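These notes are about the structure you will find just below.
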Amino acid sequence: MISKIFISHSHLFSPLSISPVPKSSQFFTTSLFPTNLTTKLTVTPRPKKPQFPFHRKCFTVTPMASMQPAQTDKFDPDPTLTNEDLKPTTSDQRTFSGWEMASLWIGLVVGVPTYYLAGSLVDLGMAWWQGIATVVAANIILLVPLVLTGHAGTRYGIPFPVLARSSFGIRGAHIPTLLRAIVGCGWYGIETWIGGEAIFLLLPKFIKLSSLAQSITWLGTSPLEFGCFILFWLAQLAIIWKGMDGIRELEKYSAPILIVLTSCLLSWAYVKAGGFGHILTLSSRSSSSEFWALFFPSLTANISFWATVALNIPDFTRYAKSQTDQIMGQAGLPIFMGAFTFVGLAVTSSTKVIFGKVISSPIQLLGEIGGFTTMILAILGISLATITTNIAANVVAPANALVNLNPKLFTFRKGALLTALLGIAFQPWRLLKSSERFVYTWLVGYSALLGPIGGIILADYYLIRSMNLSMKNLYSLNPFGEYYYNGGYNVTAMVALVAGILPVFPGFLQKVGILHSISDSFVVIYNNAWFFSFFSAGILYWILASLKGKKGGKSLPMDPLLPTSS
């Protein structure tokens, strides 16, 4: 690149150009320039042009080795900021159609946690239709940040950790990505525990009645159940080892299978219970005021359910063929969640008629159905549903976060393996002990971490930058780069993040039993943790960034690496 120096009142100067000459020519060297550079000062007159007031002429200087490296059209990322998993996707990698994006969501939705969440709402006092309405409303709300955040992935082909660099800074991006990774590791453990329970059902009865099935206090579960958990944990590694291509194929072909198996389960419940009339008898056990007190934290919990994926959705939409494909593929989320929630509630309520007791866990239900062939098919269905949800929702984000932390040390595979190991450390069997602990401690609690991150990223991308990102600067450690900020950290984003989290913290401490009493205002904030943290952090970031004079909407030059997708 040639640097240009413009000089006002140029009639005082003659245009100059410095150009290289053969070694045989006269040359000069100084201590300021490398001795291996040879140059000659050549005065080249230019044709005279009409002179206007303050007309500017220029002379060009070829940069010397000691000067700042010149910008070129070639994309040359810093090796400490990229590897094959972090580079923008090419046009050849854009293979996700609208159906494949929808298949991804079907694979995510159809699983035990979704089934369990629906039953938990009824267990906590809601009527069946109130539970479905709460789930659908939450996912309609969540669809907005999903599509908005997914836009950046499709437009620029970048994963979530790279997108976070624009708002949090080149190094500051580690904070939101690692927070997302921690939640993903917890979910990975929960899903793997559910898969282990499915394996436990296949064991002979005499083994399940042995001493190995007795719970150990310090472990919190039995050695036999823990062994099944580890076995399912190992089974998932084979798919993880294939990377994103293996995940895409798994989701694509699993979706129709899961739809068929879900339909079979619903048909079985309908026939055995003599219809679904009994579901209409499940009325709310709460008064009007009690319902609204239950509704808002439940709405927050349901938003938190997929708030994890709403953050790192660029990890998937970067493979979409177009914006239309990513939007249409995600638009089915409220429908899928509503439909599967109905299945969970309908089948759960049917168990009262069929077995004389309510069985809210699908794993326990499979143990009651009986029949070896039926059980095998059901267990395979549960395992497939668990794996498709677990790998896509809870492996990709933590793995990419670790790759972003140290691209030289971590690959996607190594990051995924560490994610799986941390999933064990979360002891998921303790998180699933009760509906209240699962919904109001786990789901609502981590929404206070993810909400502000989403608010800051969207405020930066849309309100500050008007969707214009510099691809070169996203992969550069140049101190003068667009996203280097202060030592690689955007202090404005850090302040907004902390401001979004802190007001929710007292409510969380009360839920886990550390604080016994807090003011009503903190209770309200905690019950609406995602909403409060998302909007408060996003608005604060927008105000602070605007006051610093960040110019949004500036049209950046087209990057050579910018994908052709709209």
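Since every read-out is calculated from the coordinates, none of them should be taken as a lab result. Remember, it's a predicted structure, so these values are computed and weren't measured experimentally. Reconstructed Cβ throughout: ideal geometry from the backbone, glycine too, with neighbour counts over all protein chains shown.
Available extension along the chain between ASP520 and ILE539 is 4.5 nm, counting 0.36 nm per residue and deducting the alpha carbon span. Qualifying trypsin sites (Lys or Arg not before Pro) in segment 313-376, where qualification requires a DSSP coil assignment and no more than 12 other C-beta atoms within 10 Å, comprise LYS357.
If the chain linking THR80 and LEU547 were pulled fully straight, counting 0.36 nm for each residue of separation and taking away their Cα-Cα distance, it would gain 164.9 nm.
Farthest toward the positive end of the dipole of segment 395-505, out of LEU474, TYR462, LEU418, is the Cα of LEU418, where the dipole comes from beta carbon charges about the Cα centre. The distance linking segment 185-211 with segment 95-171 is 27 Å (Cα centroid to Cα centroid, whole angstrom). If the label point is 7 Å along Cα→Cβ of ILE259, which residues in segment 108-135 have backbone nitrogen under 20 Å from it? Those under the cut-off are 108-112, 114-115.
Note on SER289 and PHE372: the model spin-label points, each 7 Å out from Cα along the C-beta direction, lie 5.9 nm apart. Gain on full extension, evaluated as 0.36 nm per residue between THR90 and LEU203 minus their Cα-Cα distance, stands at 36.0 nm.
Rounded to the nearest 0.05, what FRET efficiency is calculated for THR217 and PHE480 with R0 set to 45 Å and r the Cβ-Cβ distance? According to the calculation, E is roughly 0.15. Take 459-471, 120-132, 442-454 and order them by the average number of nearby Cβ atoms within 10 Å per residue, most first; the result is 442-454, 120-132, 459-471.
The H on the amide N of ASN490, modeled in the peptide plane, is under 5 Å from the matching H of GLY169, GLY172, each at least 5 residues off or on a different chain.
Overall, segment 354-481 carries a charge dipole of about 320 debye about its Cα centre when +1 sits on the Cβ of Lys and Arg and -1 on the Cβ of Asp and Glu, all other atoms neutral. Round to the nearest 0.05 the FRET efficiency obtained for VAL144 and VAL512 when R0 = 22 Å and r is the Cβ-Cβ distance. The pair VAL144/VAL512 has a calculated efficiency of 0.10.
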